[in-house]
1. Of the residues in the range A:45-76, how many are surrounded by fewer than 13 Cβ atoms within 10 Å (Cβ to Cβ) and assigned to a helix (DSSP H, G or I)?
2. Could you tell me which of the residues B:159, B:152 is facing chain A (nearest Cβ under 7 Å) and surrounded by 23 or more Cβ atoms within 10 Å (Cβ to Cβ)?
3. Go through the range A:126-162 and report how many residues are touching a helix residue (DSSP H, G or I) at 6+ places or on another chain (Cβ under 9 Å) and over 18 Å from residue B:93 (Cβ atoms).
4. So, in the range B:68-80, how many residues would count as being under 30 Å from residue A:22 (Cβ atoms) and surrounded by 19 or more Cβ atoms within 10 Å (Cβ to Cβ)?
5. Every residue in the range B:133-160 that is closer than 19 Å to residue B:71 by Cα and out of contact with any helix residue (DSSP H, G or I) (no Cβ under 7 Å at 6 or more places or on another chain), please.
6. Within the range B:101-120, can you find the residues that are within 8 Å of chain A (Cβ to nearest Cβ) and crowded, with 24+ Cβ neighbours inside 10 Å?
7. For the range B:56-66: of the residues being touching a residue at least 24 places away in the same chain (Cβ under 8 Å) and surrounded by 19 or more Cβ atoms within 10 Å (Cβ to Cβ), which is farthest from residue B:125 (Cα to Cα)?
8. From the residues in the range B:128-149 that are closer than 16 Å to residue B:118 by Cβ and more than 7 Å from chain A (Cβ to nearest Cβ), which one is surrounded by the fewest Cβ atoms within 10 Å (Cβ to Cβ)?
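The values are calculated or read from the model by the stated rules, or taken from the named source; none is laboratory data. A quick note: this is a predicted structure, and the numbers were derived from the prediction, not measured. Ideal geometry is used to build each Cβ from the backbone, glycine not excepted, and the neighbour counts take in all protein chains shown.
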């Protein structure tokens, strides 16, 4: 019982909260379920093609290619590629985790994969125009340049923060994922 | 359908078609692999979105902007960063919300901090992220993004 709750903590927490807010205001419950339904729906629209691409990537792209492009000695080119892949992202950050794993599986350097994840989470190039038209040019420029700067720094420092053993452990996890 | 969805679908379908023409067996194997990792992620995703849906029902725009007003100061900044770090919103929801917050009296640094963290810091993903990589990796990525939000707040304070 304990492990069931532990493994589904978000589910149990959600059910508990739903019951709780139902006592306060039933329209809140309705709003919560509508929100959740909309988010799940938009995720079910955007996520399947991502996984289709992950599968194709796995069978077509040889490990040697990724080692060369994004591996230990890929330098700035590896980071640039991670930036482009992350920037042309679609979908929530959690959909990027399996993509990051397949990169690690194919021999990409951890700091590049981390850079990809960070860029994916907040720098979305396809909707740059949308960003500017909503929150304005100056705020967009401030947010994007500051975040690129901090992400580059974060990725470079990560190379020192994580030991060789830890990086190898990520790769082993990636190999065993399927 | 959003622009994002159109781009990703055209890309995925074109590549699948090309792949199928080149090698039928390899393509089927790839599709199977993709479907497998999707099925693996799904049980984690649905309760998570349910949880976020509840959070967003309680934490309404009116509620957030009441916390992030001009006079809210450091406390407002901290609240903006905290709410942003806990919740997750897609950019198509987050940006218009940012505008709404500013128009209803939210101050720039507070709202900017909220906007950055709501996209880049995902504490609701923490358990999943730790499982995929490690606890340390999840803490590290979220901490770096959080520092980025603080940097953005500082610049916004100087500029505006």
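1. Step one: filter the range A:45-76 for residues surrounded by fewer than 13 Cβ atoms within 10 Å (Cβ to Cβ), giving A:62-64, A:73, A:75-76.
Pick out the ones that are also assigned to a helix (DSSP H, G or I) and you get A:63-64, A:75-76.
Residues flagged as surrounded by fewer than 13 Cβ atoms within 10 Å (Cβ to Cβ) and assigned to a helix (DSSP H, G or I) within the range A:45-76 amount to 4.
2. On the way: B:159 fails: surrounded by 23 or more Cβ atoms within 10 Å (Cβ to Cβ).
On inspection, the qualifying residue turns out to be B:152.
3. Residues flagged as touching a helix residue (DSSP H, G or I) at 6+ places or on another chain (Cβ under 9 Å) and over 18 Å from residue B:93 (Cβ atoms) within the range A:126-162 amount to 21.
4. Total meeting the criteria: 2.
5. B:150, B:154, B:158
6. Passing the criteria: B:112, B:115, B:116, B:119, B:120.
7. Residues of the range B:56-66 touching a residue at least 24 places away in the same chain (Cβ under 8 Å): B:56, B:59, B:61-62, B:64-65.
Filter once more, so that each one left must be surrounded by 19 or more Cβ atoms within 10 Å (Cβ to Cβ): B:56, B:64-65.
Details: B:56: 16, B:64: 22, B:65: 25 Å.
Among those that are touching a residue at least 24 places away in the same chain (Cβ under 8 Å) and surrounded by 19 or more Cβ atoms within 10 Å (Cβ to Cβ), it is B:65.
8. B:146
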